[in-house]
Amino acid sequence: MVYGSSMMPTLNLVGDVVLSEYISHRLGKVSPGDVVLIQSPENPKKTLTKRIVAMEDETVSFSVDPSDGDRSRTVVVPKGHVWIQGDNSYASHDSRHFGPIPYGLIQGKVRCRVWPLACAGSL
Amino acid sequence: MFSTLLFMDPVLNFTVFQVCIYLELDLVITDMGTQNIIWNVCKKYLTIGLVGITLTDRYAGVCPIRGSSMSPTFNPSLGSFTDDYVFLEKFCLDKYKFSHGDVVIFSSPTNYKERCVKRIVAMEGDYISNVNGASKVPEGHCWVEGDNSASSFDSRSFGPIPIGLIHGRVTHVIWPPQRMRKVDRRIRQDGLAF
């Protein structure tokens with residue numbers, strides 16, 4: 001069950017149930033565009049759901065504050081790390097705030113949504 | 001595939017799944033002569049294997065130590081024939097409560113497939129002195145360093161690590177027998193905090 005507004009409109013505010021698996025990331029089969037479950041780098045007891053935007057050694061350009069002007073920064077993701085962002089740029093606390101996260105914090109890959117049934121399917 | 005509706009722990013899920021399959025197969029093969037004996041032996045090994053995997057994944061485990069970044073605590077001499085084996089406990093991962101001086105095993109932030117063993121020198125909120133002055137360890141992170149500062153690839157190179165990367169805490173050295181003892185929490189007195 002996922003909740004929060006950082007992945008809207010892909011995932012709803014509350015009550016979406018997603019199917020996730022815990023094997024792909026151990027085999028290294030995770031790539032940009034995947035929605036993953038990660039352990040928060042600021043609080044190891046919290047699990048976040050975000051999308052991977054860039055893997056190691058790739059460059060990321062992002063806007064520093066989407067609601068306030070057009071300033072943007074470019075960052076190279078260091079080795080062994082990934083850059084994650086929520087789909088809802090305005091309400092997501094992600095790599096734009098705490099930086100790239102080590103790959104070891106990824107806990108699983110989200111495959112599809114199973115509830116509510118009307119929206120079931122891949123993300 | 002494991003649904004998040006069941007358990008968040010994949011090993012527990014897998015164990016429950018395997019136990020269900022094993023019970024179903026048990027019902028099917030009940031009157032088959034010699035095949036029964038082989039099946040009984042297989043059942044025993046399967047049970048022991050499952051219990052073993054569950055225990056080592058969630059509660060405690062044994063692990064060899066390679067390298068000399070934690071000398072003299074582990075592997076004190078370069079020419080020793082065997083690596084030290086240590087006992088690590090995973091109960092600390094329940095609440096993620098660590099303290100200064102704990103020796104921990106964690107996934108390396110530069111390569112998730114490697115595991116490193118180092119000592120926690122500073123927790124979140126502490127200040128660490130480095131060449132740029134003093135920097136604060138961010139929330140949810142810890143600063144780890146090896147006991148052998150001269151040859152240790154640790155937080156002085158890759159910065160503070162998120163506590164979520166930690167896989168367990170080392171409590172005892174269990175091999176070789178002449179070095180069997182408890183690993184103490186040792187707090188360094190130099191350059192730790194302002």
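The values are calculated or read from the model by the stated rules, or taken from the named source; none is laboratory data. Computed from a predicted structure; not experimentally measured. Because the Cβ atoms are built from the backbone with ideal geometry, glycine has one as well, and the counts that use them run over all protein chains shown.
Side notes on the structure shown:
- Screening A:I23 against (1) in a strand (DSSP E or B); (2) within 9 Å of chain B (Cβ to nearest Cβ) leaves a single unmet condition, (1).
- Out of A:R111, A:R96, A:R73, sole residue that is over 11 Å from the mean Cα position of the chain (by Cα) and outside any strand (DSSP E or B): A:R96
- Taking the numbered list (1) more than 12 Å from the chain's Cα centre (by Cα); (2) free of Cβ contacts under 8 Å to residues at least 60 places away in the same chain; (3) under 26 Å from B:Y96 (Cα atoms) in turn, A:D57 passes all entries but (3).
- Here B:G52 qualifies as more than 12 Å from chain A (Cβ to nearest Cβ) and free of Cβ contacts under 8 Å to residues at least 40 places away in the same chain.
- The set of residues in the range A:49-70 being surrounded by fewer than 11 Cβ atoms within 10 Å (Cβ to Cβ) and of a type outside the set (D, E) consists of A:T59, A:S61, A:S67, A:G69.
- Restricting attention to the range B:88-108, the residues being away from chain A (no Cβ under 11 Å) and either among the charged types (D, E, K, R) or buried (at least 19 other Cβ atoms within 10 Å of the Cβ) (or both) number 7.
- Pairs linking a residue in the range A:95-118 that is within 24 Å of A:P78 (Cα to Cα) to a residue that is of a type in the set (F, W, Y), with Cβ atoms under 7 Å and 6 or more positions apart or on different chains, are A:S95/A:W83; A:R96/A:F62; A:P100/A:W83; A:P102/B:Y112; A:Y103/B:Y112; A:G104/B:Y112; A:Q107/A:Y22; A:G108/A:Y22.
- When restricted to residues that are within 12 Å of B:P160 (Cβ to Cβ) and within 9 Å of chain A (Cβ to nearest Cβ), the range B:109-123 contains 1.
- Screening A:P66 on (1) at pLDDT 90 or above; (2) part of a loop (DSSP other than H, G, I, E, B) shows it passes everything except condition (1).
- Filtering the range B:120-140 to residues that are crowded, with 18+ Cβ neighbours inside 10 Å and part of a strand (DSSP E or B) leaves B:I120, B:V121, B:A122, B:I128.
- Cβ pairs under 7 Å, 6+ apart, first in the range A:76-93 and aliphatic (A, V, I, L, M), second buried (at least 20 other Cβ atoms within 10 Å of the Cβ) and part of a helix (DSSP H, G or I): A:V82/A:Y103; A:I84/A:S95
- In this structure, A:K29 qualifies as loosely packed, with under 15 Cβ neighbours inside 10 Å and of a type in the set (K, R).
- Pairing each residue of the range A:1-29 that is closer than 29 Å to B:S107 by Cβ and touching a residue at least 12 places away in the same chain (Cβ under 8 Å) with any residue that is among the charged types (D, E, K, R) and in a loop (DSSP other than H, G, I, E, B), provided the two are 6+ apart or on different chains, yields C-beta distances under 6 Å for A:M7/A:D87; A:T10/A:D87.
- The range B:124-158 - residue that is within 23 Å of A:E42 (Cβ to Cβ) and without any contact (Cβ under 8 Å) to a residue 12 or more places away in the chain and, of those, farthest from the other protein chains (Cβ to nearest Cβ): B:N132
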